[in-house]
1. Just a yes or no: is a residue in segment 43-52 closer than 29 Å to residue 19 by Cα, surrounded by 12 or more Cβ atoms within 10 Å (Cβ to Cβ), at pLDDT 80 or above and outside the structural domain of residue 24 (by TED's automatic domain parsing)?
2. Condition first: surrounded by 12 or more Cβ atoms within 10 Å (Cβ to Cβ) and either modelled with pLDDT of 85 or more or within 13 Å of residue 47 (Cβ to Cβ) (or both). Now tell me which residues in segment 89-109 satisfy that.
């Protein structure tokens, strides 16, 4: 029995060699380096026609925390609970939809 969603299928390192060279040449191996900024600019151009801005985050939880903070609701657990379960569900569904959209856009790339 096959489980295609569980079987890892990472990209070949040879396919990433140019990007890895650029990272090594920049000397920035963490957040806010030129590769991340280029990724954010590319996503902004592709998804929003170059208007606005995009922010790369490490995971969906951080993305939700940034979104909640941007709404001025704070980032504590208490603040998130004050938003209400209905709103948290909307954030969860919106995050899943955005993740699916970004994954599809990158796959079609």
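1. No; the residues of segment 43-52 include none that is closer than 29 Å to residue 19 by Cα, surrounded by 12 or more Cβ atoms within 10 Å (Cβ to Cβ), at pLDDT 80 or above and outside the structural domain of residue 24 (by TED's automatic domain parsing).
2. If the condition is that a residue be surrounded by 12 or more Cβ atoms within 10 Å (Cβ to Cβ) and either modelled with pLDDT of 85 or more or within 13 Å of residue 47 (Cβ to Cβ) (or both), then 98, 99, 102, 105, 106 are the ones that fit.
The values are calculated or read from the model by the stated rules, or taken from the named source; none is laboratory data. Keep in mind that what you see is a predicted model, and the values were worked out from it rather than measured. Reconstructed Cβ throughout: ideal geometry from the backbone, glycine too, with neighbour counts over all protein chains shown.
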